[in-house]
1. Quick one: order W39, W229, W215 by neighbouring beta-carbon count within 10 Å, fewest to most.
2. Just to compare against my own numbers: the Cα pair-distance distribution for region 138-255, 5 Å bins, whole % per bin, please.
3. Longest segment of the chain with no trypsin sites (Lys or Arg not before Pro) in a DSSP loop having at most 14 other Cβ atoms within 10 Å?
4. List the relative contact order of the chain as a percent without decimals, with contacts defined as Cα pairs under 8 Å and 6+ residues apart.
5. In whole Hz, what ³J(HN,Hα) sequence does region 135-152 give by Karplus (6.51, -1.76, 1.60; θ = phi - 60°), x for Gly and Pro?
6. Please arrange V136, V241 by how many other C-beta atoms lie within 10 Å of their C-beta, fewest to most.
7. Between region 54-95 and region 97-151, how many Å separate their Cα centres?
8. How large is the helix-only mean residue ellipticity at 222 nm for the chain, computed as the sum of -39500 (n - 2.57) over DSSP H runs with n ≥ 4, divided by its residue count, in deg cm²/dmol to the nearest 500?
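Since every read-out is calculated from the coordinates, none of them should be taken as a lab result. Model, not experiment: these values are computed from the prediction. Here the Cβ positions follow ideal geometry from the backbone for every residue, glycine too, while neighbour counts run over all protein chains shown.
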Amino acid sequence: MIKLFQSWWKNRGKRSVAALPADNIPEHVAIIMDGNGRWARNKGLPRIVGHRNGMKAVKRATIAADELGIRILTLYAFSTENWKRPKDEVDFLMSLPQEFLALELEELIEKNVQVRMMGHTDNLPRHTLEAMEEAVSRTENNTGLILNFALNYGSRREMTESMKVIAREVQTGQLSPEDITEEMINSHLLSQGLSDPDLLIRTGGELRLSNFMLWQAAYSELWFTDLYWPEFGREQLVEAVAEYQRRTRRYGGLS
């Protein structure tokens, strides 16, 4: 009996992944990874310990997304507003991409994962940017899961900058106002080449989008959990996808 229980416990996540209908897996899942600091505070630990444990949750979510057959996983790693945090915390957060990729890049390559970065490169420390650029370069020909890090990303700035580019193209005669369509705007966003998120997840109990993919998430299914990001794993991703599969996406029409 003990061995049966141990076998069930070891394989419970894989079994639940297999139980999901394969013909209705969201192509693109985006996650607002919230609650690292509060998780640490509740345990009487420094905030940076929460961020480091959040890095472990990134690996769990990536593995689970790959097993589920999700094609794109976008993770909100650092927002344009996060620069307001104390300098020591910001410096630590800027070290995490380098630390994570030093530990995990070889395995990501082995698993055919393609790493991308969606964000504004100004203000990023050289070591952070170089780590991301190396990961993007070394995985650019991979054809499996796209692991897209939203780093120094803010949706309002993204849209503002894209509107400036479009305005200049109209001003120089490259475009006419009539040429401006949703598809053309999509092609000017930082997410160009990626489908819109089908499912947007937020951990940590907050019920807002916090300047994350505001244009792209117009018809995303939203799923919120009170669990802090360091507690997130395969079970929660499966639960979110199962809820997604129970919903009917009508896009303003009738089912």
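1. By the 10 Å Cβ count, ascending: W215, W39, W229.
2. 2, 9, 15, 18, 18, 16, 12, 6, 3, 2, 0
3. 44-207
4. Taking the mean separation of contacting Cα pairs over the length of the chain, I get 28 percent.
5. Running phi through 6.51 cos²θ - 1.76 cosθ + 1.60 with θ = phi - 60° gives 5, 4, 5, 6, 10, 4, 9, 6, 10, x, 3, 8, 9, 10, 8, 8, 10, 6 Hz.
6. In increasing order of surrounding Cβ atoms, one gets V136, V241.
7. Between the Cα centres of region 54-95 and region 97-151 lies a distance of 11 Å.
8. Result for the chain, helices only: -15500 deg cm²/dmol.
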